[in-house]
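Beneath this line is the structure, given in C-alpha cells, with notes to follow.
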Amino acid sequence: MAKDSELRDEILALKEERDAVILAHNYQIDAVQDIADFVGDSLELARAAAAQKAPVIVFCGVDFMAETAAILSPEKTVLLPAAGACCPMAEMVTAGELAVLQEQYPDAAVVAYVNTTAEVKAESDICCTSANAVKVVESLSEQQVIMVPDRNLAGYVARFTTKEILPWDGFCLVHERFTRKDIQTARSRHPGAEVLVHPECRPEVIDAADQVFSTSGMIRHICGSQNEEFIIGTETGILHQISLKCPEKHCYPLSSRAICVNMKKTDLEKVHAALDRMAPRVLVPERIAIPARRAIDRMLALP
C-alpha cells in the first residue's frame, strides 16, 4: 500500500508538471479510477475528451477510446498507458468489410458504435454509444441502418425503432458470456435484487433482466433508486464507482467471469511511465481523422 501511495503521489506531481488530465473508463481497476480526473462510460469520456483544455490527455481505457480523444483533439498529446489494450469487438469489423456491406445496401445509413477503429468511423455516417444508440438511429432520415460491430446492441435498438436494422455479426467477449441461467442463479441468491444489464448482452439476457442501461446509466439508476440491492450485468469494474457514489447500496456481479482483460491492462505503473516518457502516444492520420471526426461530432451534436 505504501508503494501505491508513493506512486500515486508521483503520478499527481507528474500530471501537474505535464499539465495533463487523466480520463478513465468505468471498467478500469480501482486504483486507476481513483487517480483519474474523470471516470465515465464511452459517451461521457468522448464528451470529456472534446471539452478538455489540458494539452495532455492520459486515456486509461482501450485503443479505440484513445483514438477518439486524438480525433477530437488533434492538437493535444493523447497517451494510452497500456499500449496493448485493444477492444476485440472493435477488431471484428474492418473498413474494407464495411465497404462491401455498403455496396449491398447503398441507401442505408451507417452507424458505428464507438467501439470501432478510427478507419471504420471514417467510413460511417454517425457514431453511437450504448447510452444513445436508439436516439442516434431515430435521428436519421434513412429507413435502413447498418450498425457495426455489435449484433446485440443492434438487436436492442431494433426493439425501439421501425427502421430496418442491418447488424454486423460482432459481439463483446464479456457481455456475450452472460446467460439466462446466470440471471436465474443470481435471482435465487438475491431474490430481492433488481437485475440491470448492458445493451451488449444477448437478447435472452435482456429479456430476463429488469432494466437495461449503459454503465453510467446503471450508476445513475442505482443511486436514484429506492431499491437497495442490485445484480449488475456488465464488467465488474463498475462496482467500484457504485461503491463510491452510493455506498449504501448492495450490488452483486451477475457473473464473476465478467472481466475484460484488456481494460485491466492499465495500472499505476503504466500511468506513471506514460506521463514520465510522454509515451505511448496515439496518433490518427488526418485523412482518417477528418471523416471520423464528422461521424463523432454528429453524434455529440445530438441533445
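What follows draws every value from the coordinates through simple rules; no lab data is involved. On a predicted model such as this, the values are computed, not experimentally measured, just so you know. When we count neighbours, we look across all protein chains shown, and the Cβ atoms used for this are built from the backbone with ideal geometry, even at glycine.
Just a few scattered comments:
- Amide hydrogen proximity for E194: with H placed 1.01 Å from N in the peptide plane, the residues at 5 or more positions away or on another chain lying under 5 Å are E229, F230, I231.
- Violating pairs (Cα-Cα greater than 25 angstrom) within the set K3/K264; K76/K265; K15/K76; K15/K135: K15/K135
- Two-site FRET efficiency, R8 against E91, from Cβ-Cβ distance with R₀ of 45 Å, rounded to 0.05: 0.85
- DSSP-assigned coil residues among GluC sites (Glu not before Pro) in the stretch 161-265, each with at most 15 further Cβ atoms within 10 Å: E228, E248
- Rounded FRET efficiency, nearest 0.05, which uses the C-beta distance separating S256 from R277 and R0 of 30 Å: 0.25
- The phi torsions of the stretch 168-174, fed into the Karplus equation with coefficients 6.51, -1.76 and 1.60 and a -60° offset, translate into couplings of 7, 8, x, 6, 8, 4, 6 Hz, rounded to whole numbers, with Gly and Pro shown as x.
- Taking a Cβ cut-off of under 12 Å around G192, the surrounding Lys, Arg, Asp and Glu residues balance to a net charge of -2, with basic ones at +1 and acidic ones at -1.
- Between E164 and L302, the simple label model (points 7 Å from Cα in the Cβ direction) yields a spacing of 2.1 nm.
- Helix runs (DSSP H) in the chain reaching 15 Å along axis by Cα, Kyte-Doolittle at least -1.0: 286-300
- Computed from backbone phi, the HN-Hα couplings of the stretch 108-125 come to 8, 7, 10, 10, 9, 4, 4, 6, 9, 6, 4, 4, 5, 4, 5, 9, 9, 7 Hz, rounded to whole numbers (Karplus: 6.51 cos²θ - 1.76 cosθ + 1.60, θ = phi - 60°; Gly and Pro given as x).
- Taking 4.7 Å between C-beta atoms as the pairing limit, the chain has these partnerless cysteines: C60, C86, C87, C127, C128, C172, C201, C251, C260.
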